[in-house]
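Heads up: the structure comes next, in structure tokens.
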Amino acid sequence: MIVRPRLFAPILAFAAASALLAHVTVSPKESGAGAAQKYTLRVPNEKAVANVRIEVEFPSGAEVTAVDDQAGWKVDLKKDSAGKITGAAWVGSLDAKGIVDLSFSAKNPKEETKLVWKVVQVYKDGSKSDWTGPAGSKGPAPVTTIKP
């Protein structure tokens, strides 16, 4: 049997693109220092069981001012003793292979930095997907670069 590498290239490219699309993302990936910004958290469900909870730890440098309602999801905000929003947990149901976009507004820090958005997906069977690791890891946290 003769293996022709050119025949496998499109399959490998599609597999690589699919893997990249499966990660939780936050957009925009870049924003201005001190800007008021609307962010969108895109959460795909890559498991065969429903995703029933999405937990986000907001970066300390971002001042989250509002979290938008999303049909079919209830959001519980986490606040510190001063009343600052430090996280959110959305409870609902995201079917297998589905995607949900969750949005919130924040004031960016005034200096150049990277905002790391730590996300955990909880599934109906009790399993979890952690998106809290560094870039290049199996579960990288979404990052927004803040530029002057």
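The values are calculated or read from the model by the stated rules, or taken from the named source; none is laboratory data. A quick note: this is a predicted structure, and the numbers were derived from the prediction, not measured. All Cβ positions, even for glycine, are placed from backbone atoms using ideal geometry, and neighbour counts span all protein chains on display.
The sole residue among Ser127, Ser105 that is of a type in the set (S, T, N, Q) and closer than 20 Å to Tyr39 by Cβ is Ser105. The single condition among (1) at pLDDT below 95; (2) touching a Lys or Arg at 6+ places or on another chain (Cβ under 7 Å) that Glu46 does not meet is (2).
I'd like the full set of residues that are outside any loop (DSSP other than H, G, I, E, B) and surrounded by fewer than 16 Cβ atoms within 10 Å (Cβ to Cβ), limited to segment 28-46. Selection gives Glu30, Gly32, Ala36, Lys38, Thr40.
Of all positions in segment 105-113, none carries a residue that is closer than 18 Å to Pro142 by Cα and within 12 Å of the chain's Cα centre (by Cα).
Selection of segment 103-148 for residues being outside any loop (DSSP other than H, G, I, E, B), in contact with an Asp or Glu (Cβ under 9 Å, 6 or more places away or on another chain) and of a type in the set (Ser, Thr, Tyr) yields Ser103, Ser105, Ser129, Thr144, Thr145.
From the list Ala106, Ala82, Ala135, the one residue that fits, being free of Cβ contacts under 8 Å to residues at least 60 places away in the same chain and farther than 14 Å from Thr25 by Cα, is Ala82.
Here Lys47 meets the list (1) within 14 Å of His23 (Cβ to Cβ); (2) within 14 Å of the chain's Cα centre (by Cα) almost entirely, failing just condition (2). The residues in segment 28-45 that are in contact with a Leu (Cβ under 9 Å, 6 or more places away or on another chain) and more than 19 Å from Glu112 (Cβ to Cβ) can be counted, and the count is 6.
Determine which member of the set Lys84, Lys118, Lys110, Lys124 is in contact with a Gly (Cβ under 9 Å, 6 or more places away or on another chain), surrounded by fewer than 16 Cβ atoms within 10 Å (Cβ to Cβ) and not hydrophobic (A, V, I, L, M, F, W, C). So the residue among Lys84, Lys118, Lys110, Lys124 that is in contact with a Gly (Cβ under 9 Å, 6 or more places away or on another chain), surrounded by fewer than 16 Cβ atoms within 10 Å (Cβ to Cβ) and not hydrophobic (A, V, I, L, M, F, W, C) is Lys110.
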